Structures are given as C-alpha cells and as structure tokens.
Amino acid sequence: MADLLIAPFVDLPFLRLALAASVLVSVTCAIAGTFVVLRGLAFAGDAMAHGVLPGIAVALLLGASPVLGAALSAAVMMAGVGVITRRSRLGSDTAIGLLFVGMLAVGVMITSRSESFVGDITRVLFGQLLGVRGVDLAWQAAALAAVGTIAWAARRPFLLMSVDEGLARTSGFRPAPYHALMLAMVGITIVASFRTVGTLLVLGMLVAPAATGALVARRVATVGLVAAGCGAFASWAGLLLSYHL
C-alpha cells in the first residue's frame, strides 16, 4: 500500500516539487480563504482571480513577467472597486461585477490578437503544476509568509469585520483600510498562486476548503487548519490519482 501512496513522490522529483508547491498554495489559500468566507468576499475573490487576466496577457505579449502583470492588474482591480464605491451610488458588489466583466472581456480581446497564445492561456487558466521549479517554491513561500503576517497582525479587526463592521468601528478600528488590507491579502494569494494552479482553480482553493472548515469548526484558527488540511489532502490525492490513471 505504501508503494501506491508514497512511492511516486519518492521516485519522481517533479512530483515532489508539485506536491510541495500545492501544499504551499493550500496553506496560503486557507489563510486568506478563511476571511474570504467569513467576510462574504467570495464574489470579490472570483472577480480578482479573473481580473488579473488582462495584466497577464499584456505581460506575455510584451515578453515581461506574468507575475508583474498579474500584480498590476490586481492593483487596478482593487483601486477601481474603491473609486466606484466611494464616488458613486453603486454598491461594492455592483462595482466588482462591472470591473469583473470588463477586465475579463479586455483579457479575452488581448489574447485573441495572438495566434501563439493558445498554450499560454491554458497555463494561465489551469496553471502548470508539473512544471514547478525551486524558484517557484521560494516565491510561494514568500507569499505565504506575507499573507500569514497580514492575517496575524490584523486578526482582531478582520474577525470583528466578519461579524459586523459597526462592531469593528466601536472597537476602535476603521473598517475601510482593513477592508483594503484584506483585499490586498487576497490579491497576493491569487498573484502568487496562479502559476501553480491557474486563475480558474485558485478560486476553488480559496473558497471550497475554507467553506468546509466553516461548516465543521467554531474557531477561526480551526477553520484555517481544516481548510489547509483539506486543500493539502486534495492536492496529494489529485496528483496520486493522475499518476496512477
């Protein structure tokens, strides 16, 4: 039985790298996803995951780093939501929906201009887990450290805002900057993870494990631990099944 469950990762270095990368992604997404689920930001996470597409597309066409393009696109997405929410009567969900559709459409138009984009767009949407290198692990570990630091430093206002923004305000915290910080944490997670699991699958890693944790746990820390365990187990099982099948 051990040969079936463990041997592929012992014998094949690229599978070990893939497993290590997917576990790092699982833990990073579990931390950010816990607050995404508790705060009700699943739609914002979805919009941001798809909103990075035009930035990645432009970067690839120009021969630049797709990570830089994704980061710039995520920053534009977050800034746009803030501007529309502050300066119009539209709600944040409406602003997110408009930007989501608009940036996704721009990304599709950019990719359609290049016949060589077929392979690139597949990697952008679904990642390249079996092509992970040591430098990718280093970047993912750095993102995990950044996301973990933000979540730990702002854990109290994040938790209060997940219950009620008025409660956070009466406790001495201004909701607006902490909301922006939470979106930045989600943005870091998406930008760091898209090369491994893709822009389509990163949303599933953000929401599904954390939602599972929220169903079975009562404490925020336990929700995060359950989410990380579910994501890591799903990654290991998926790699193992794909190898044997």
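A few comments on the model shown:
- What the range 1-46 shows is 42 Å² of accessible area per residue, with the surface traced by a 1.4 Å probe over protein heavy atoms.
- Overall form of the chain per C-alpha gyration tensor (a/c, 1.5; a/b vs b/c): oblate
- Where labels lie 7 Å past Cα in the beta-carbon direction, separation of Asp93 and Arg156 in nm: 3.1 nm
- Rounded accessible area per residue of the range 142-245, 1.4 Å, Å²: 51 Å²
- Cβ-defined net charge surrounding Ser162, 15 Å radius [Lys, Arg +1; Asp, Glu -1]: +4
- Highest-first packing order for the peptide set 193-199, 158-164 is 193-199, 158-164, based on the mean count of other beta carbon atoms within 10 Å.
- Listed peptides 211-221, 95-105 appear in the order 95-105, 211-221 once ranked by packing, highest mean of other Cβ atoms within 10 Å at the front.
- By accessible area, using a 1.4 Å probe on protein heavy atoms only, the chain has 69% of its surface on carbon and sulfur.
The values are calculated or read from the model by the stated rules, or taken from the named source; none is laboratory data. Not measured: the values here are computed from a predicted model. We place every Cβ from the backbone using ideal geometry, glycine too, and count neighbours over all the protein chains shown. What goes into the accessible areas is simple: the full protein's heavy atoms, side chains included, and nothing from ligands, DNA or RNA. Shrake-Rupley method; radii C 1.70, N 1.55, O 1.52, S 1.80 Å.
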